[in-house]
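Here the structure comes first, spelled out in structure tokens, and everything after it is commentary.
What follows is calculated from the coordinates using simple rules that are stated; it is not laboratory data. Everything quoted here is computed from the prediction, not taken from an experiment. Ideal geometry is used to build each Cβ from the backbone, glycine not excepted, and the neighbour counts take in all protein chains shown.
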Amino acid sequence: MATVIFHPAEYGYGTLRTTISGLLTRIGSLRIEPGAKILIKPNFLAPAKPERAMTTHPLVVRAVVEYVLQRGAVPLVADSPGMGTFERLLREGGYSEALNGLDVELRPFRESIQVDIGEPFGRIAIAREAVEADAVINLPKLKTHAMMMLTLGVKNLFGCVVGLTKVQWHMRSGVNRHLFARLLVQICRVVHPTVTLMDGVLGMEGQGPGRSGTPRRLGLLVAGASAPAVDMAVCRLLQVPADDLPTHRAAAELGLAPRDVAISGDFKPVMDFKLPVLGPLTFGPGLIQPFIRKHFVQRPVVEAGKCRMCGECWRHCPAKAIAPHASVIVFDYDRCIRCYCCVEMCPHGALAAVETGPGKALRRLCASRDRIVQRTRRKRAHCRDGRRIDFEG
Ligand code: SF4
Ligand code: SF4
């Protein structure tokens, strides 16, 4: 059974470095030979200060770089940020300062190679540095995600798909959350991180993973040799059934998710973690799906007072469903595939995924129907003489 370790942590560097060194050693999957090329893959979503909780904390990255350097290996810290320049990301995110003086290269992925990740996707372009490294250390941030519920260990590796290719893959898997989850899992399988160390010291809840999310202090690092196992353990931490996490379901179907995880360390369930509202991206018979999507599925909405017309959203929209119009942006909800990339990218927190009126009414209707069904089942579960009958159904 895969083991996942939970360890309390803060961002004070002395203790953090000792904790991370201990965790990486204890996990045991990372055997670093002198001279080995080690890719360190943080979550570098966008330029943002560490207190926004959008990116892996710079001191977590520093502690891992030091661990690699102490073993005589060659670390490379790289990612393919969704927006902004890499220089700005390093400056604003505190990485330039945190890694100052260490013998480490920090840069965006430069080159892709075609790798067969399996059906139904076939060959896709993945960062050469990720495929050719002797070991990959995966450093996700514990955050919510408006489309995929949570962005954890498996999802973090989507950053190994470089630049605009990411946008194309969003478009191709589009409204199909399950297909997108499969894509993420199959990328994870190919990149095959040796260890996943998740920064949950300051995580994010609500409408993540960008500025619309709310930082949430959890005071934890989570580590394991298997990214799907770490994700499964985090679901347990947050009291989310693992099957509700699309990447876990996809990993289970592909035989990559463990049946169970052995949890070690300081594990205290978080009872009140706020997840995003995760409506279907579309549903119903094929012919009426565009109608359903337009009127019932939650959609990106702009808060005009916050929008600065910077253009990040329309530049990154894979469906070309956003256009500037005078001093506002306008969505074409017929084209929008509900990938929520725009919500993720907006540097000013002006976008949110919002339920439509009919969608909310339908959700409430379904919830009250479920409550009635459950009540009826509970009543049936007691026979007349008061004996309890287990009801399956
Ligand atoms: S919604 Fe956000 S990303 Fe789009 S133009 Fe406005 S500020 Fe920029
Ligand atoms: S408008 Fe936003 S949610 Fe819709 S397709 Fe474009 S990026 Fe995705």
222 nm mean residue ellipticity, helices alone, for the chain (DSSP H n ≥ 4; -39,500 (n - 2.57); rounded to 500): -10000 deg cm²/dmol
log₁₀ of I(q)/I(0) at q = 0.19, 0.20 Å⁻¹ - region 286-355, Debye sum with one point per alpha carbon: -0.69, -0.76
Long-range amide H partners of I40 with built H, under 5 Å: L76, V77, A78, I137
Burial ranking of peptide ranges 142-150, 198-206 (average Cβ count within 10 Å, highest at the top): 142-150, 198-206
Backbone N under 14 Å from the L179 label point (7 Å along Cα→Cβ), restricted to region 291-327: 319
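Among the GluC sites (Glu not before Pro) within region 78-140, which fall in a DSSP loop and have no more than 15 other Cβ atoms within 10 Å of their own Cβ?
Values: sites: E87, E92, E97, E105, E111, E129, E132; in loops: E111.
Sites meeting the loop and neighbour criteria: E111.
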Entries of K268/K306; K49/K155; K143/K360; K37/K320 with Cα pairs more than 29 Å apart: K268/K306; K37/K320
V330 long-range amide H proximity, modeled H, under 5 Å: A323, H325
Debye equation applied to the C-alpha atoms of the chain, log10 I(q)/I(0) at 0.10, 0.11, 0.13 Å⁻¹: -0.66, -0.79, -1.08
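Quick check: convex hull of the Cα atoms in region 1-75, volume per residue, rounded to a whole Å³? Write out the running numbers ahead of the final one.
Details: hull volume 8.4 nm³, N = 75.
For region 1-75, the hull spanned by Cα atoms encloses 112 Å³ per residue.
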